[in-house]
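The values are calculated or read from the model by the stated rules, or taken from the named source; none is laboratory data. These numbers come from a predicted model, not from an experiment. All Cβ positions, even for glycine, are placed from backbone atoms using ideal geometry, and neighbour counts span all protein chains on display.
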Amino acid sequence: MLTILGSSSRSGLCDKVSRRDFMTIGGMALGGLSLQNMLHAEDLQGTSSHKAIINVYLPGGPPHIDMWDLKPNAPAEIRGEFEPISTNVPGMEICELFPKLAKMGDKFAIIRSLADSDGDHSAFQCMTGRRRREQPPTGGWPAAGSWVSKLKGNVDPAVPPHLSLMYTTGNRAWGEPGKGGFLGMGHAPFELVGRKASEQRKSDNMVLQGVTLDRLQDRDSLRSSLDRLQRNADASGAMDGLDSFAQKALGILTSSRLADALDLSLEDPKVVERYGVDDPAFERDGAPRMVRNFCIARRLVEAGARVVSLNFTRWDWHGGDGMNFVQARKDFPLLDTALSALIEDLHQRGMDQDVSVVVWGEFGRTPRLNKMNSRDHWPQANCAVVAGGGMRTGQVIGATNKYGEHPTDRPISFQEVFATLYTQAGLDLNTREFDVRGRPQYLVDAGIEPIRELI
């Protein structure tokens, strides 16, 4: 995989490697030797309409009972410190710290009955729909974006279809966007962000001119890096020695289209302002509070991305006295601002029928507060918020019991959510691909259907 925003422990910079090394790095980063074949296949087959998915992962297990499934009539040790407020949809209530989202309840749906959380502190299930403990096929389970990349290909040859804004986190499993699995490295996520050199992934990443997280807002550094890379390749004659499909592969690295999508200075300042102000400091072993990455995700989709995943701050709050509510007062308003701005932008740009958004974490939180006035891990109940994608929004799907302990109505699995996202992205759930042993594999298990209330 390739990282274009981040720093590396390697001393060499991408524009100082040899022609041979550069082509090796570029080829491996963008899917190995199969990339040219993939681009060739794209030319032969063409691409379909541009449907897309934005996957917002909240690492650590956000408290479902304090966010989307409040129980105001429960005892104090269960209901906690927050009150529900009404949305613009009658009967649909959410936490009082989400006032902006409350004004657009008709533009999203709440799934209150996710019932099969694995219980691991990991992004795996939110990226793949699969349980980590489930026996994978040879080669491993592909991330959702890998399926979309394989079956839909590129919208624009200069923009990989599967992109990641997932920061490398201290808890490594919170920063992993998934892999290509048995579909191959050619469909692994193209990684756009990294972390400090001492904590950078030890993989074959290529970093452009040492652009680190603290320089994330300096998009000119990225643009300059790409410009130098292209000038050097042209000057050396490297471009002349490539066939048209290899030039497309290199074009992903040197085109300004991807850099422009990452360049918020090209966005209307009033739009950027609506997303809030970034905080690049990492939250302990979680991700930073980069609220404007919600805007960048939308810009990446506009540029041609089909799936964009991002992680946002850290939601594992049960370790300190009242930490659950202290952190919620800090992070709920940030999520409220960023997510409401993203949903509004999709509707204003006419993208709400094509771009699906899902927001979730790996599990919910204990309904009963612990002795530190916080909530522990609780995989028995979980929530998700979905928007866009032409889905039927303005509704609540499923319910938990009076204490938010377990689903009592319409239990839903992660795979059903992904079946819905795949369907709205134009994928046929009956499509099969073969793993490295030649065994047929499907996007979801047999019998899994999209959530009927949403489509």
Please determine, by comparing only the residues of region 390-428 that are assigned to a helix (DSSP H, G or I) and over 17 Å from the mean Cα position of the chain (by Cα), which one is nearest to LYS152 (Cα to Cα).
THR423
So in region 134-163, with the set limited to residues that are out of contact with any helix residue (DSSP H, G or I) (no Cβ under 8 Å at 6 or more places or on another chain) and under 23 Å from GLN415 (Cβ atoms), which one is surrounded by the fewest Cβ atoms within 10 Å (Cβ to Cβ)?
GLN135
Please specify each residue of region 174-186 satisfying the condition of being under 14 Å from the mean Cα position of the chain (by Cα) and in contact (Cβ under 8 Å) with a residue 40 or more places away in the chain.
TRP174, GLY175, GLU176, PRO177, GLY178
Going through region 78-89 one residue at a time, which ones are farther than 14 Å from ILE110 by Cβ and in a loop (DSSP other than H, G, I, E, B)?
GLY80, GLU81, PHE82, GLU83
Go through region 346-367 and count every residue that is part of a loop (DSSP other than H, G, I, E, B), touching a residue at least 24 places away in the same chain (Cβ under 8 Å) and surrounded by fewer than 17 Cβ atoms within 10 Å (Cβ to Cβ).
2
Total residues in region 146-183, condition out of contact with any Gly (no Cβ under 6 Å at 6 or more places or on another chain), among the aliphatic types (A, V, I, L, M) and not in a helix (DSSP H, G or I):
2
Somewhere in region 292-312, is a residue of a type in the set (Asp, Glu), within 18 Å of the chain's Cα centre (by Cα) and either within 26 Å of ILE53 (Cβ to Cβ) or modelled with pLDDT of 95 or more (or both)?
yes
Does any residue of region 434-443 turn out to be small (Gly, Ala, Ser), buried (at least 18 other Cβ atoms within 10 Å of the Cβ) and either at pLDDT 95 or above or under 30 Å from ALA76 (Cβ atoms) (or both)?
no
Flagged in region 108-138 as touching a Lys or Arg at 6+ places or on another chain (Cβ under 8 Å) and in a loop (DSSP other than H, G, I, E, B), in numbering order, are ASP116, ASP118, ASP120, SER122, PRO136, PRO137, THR138
